[in-house]
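Reading through the structure tokens given below for one structure.
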Amino acid sequence: MADKPEETAKPEAGRAVPKVEWDDSKMTTTYANVANAASTREEVTILFGTNQTWNLAKDREVKVELTDRIILSPFAAKRLWLILGGVLKEYESRFGKLDIEGREAPPQSPKP
């Protein structure tokens, strides 16, 4: 595993930041090359799986084996969105832009 960060939050003026302990004793690792998401007012659900289709020209159907479902509160989902955005920005600065064929960038939330 990669080194675990000791703290994830930056201190605000006059506010103590608690130390975060990352307990990975029950963690499992799963590979996914497909992800999808849906939401309700109360939760955001993210589905992960692997594409099982080897010959699209022959099969004419994409089969995805779903392996994991993560259900988040909207607040946790937004934090995940921000974290992933930062990770992908860093990735692209090191390795180049990721182009996803046939997909447009998701619309940005309007700023208040």
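The values are calculated or read from the model by the stated rules, or taken from the named source; none is laboratory data. Note that the coordinates shown come from a computational prediction; the quantities given were computed from them, not determined experimentally. Positions of Cβ are backbone-derived with ideal geometry, glycine not excepted, and every protein chain shown enters the neighbour counts.
Observations
- Annotation: of all residues in region 38-55 being exposed (fewer than 13 other Cβ atoms within 10 Å of the Cβ) and of a type in the set (A, V, I, L, M, F, W, C), the one that is nearest to the chain's Cα centre (by Cα) is A38.
- When region 65-102 is limited to residues that are modelled with pLDDT of 95 or more and β-branched (V, I, T), the one that is nearest to E43 (Cα to Cα) turns out to be I71.
- Some residue of region 80-90 being touching a residue at least 24 places away in the same chain (Cβ under 8 Å), of a type in the set (A, V, I, L, M) and in contact with a strand residue (DSSP E or B) (Cβ under 8 Å, 6 or more places away or on another chain): no
- Flag for A105 being surrounded by 11 or more Cβ atoms within 10 Å (Cβ to Cβ) and either within 17 Å of the chain's Cα centre (by Cα) or at pLDDT 95 or above (or both): no
- For region 49-68, residues that are touching a Ser or Thr at 6+ places or on another chain (Cβ under 6 Å) and either within 16 Å of V34 (Cα to Cα) or hydrophobic (A, V, I, L, M, F, W, C) (or both) total 6.
- Residue satisfying all of: in region 23-81; among the aromatic types (F, W, Y) and part of a helix (DSSP H, G or I); nearest to I100 (Cα to Cα) among these: W81
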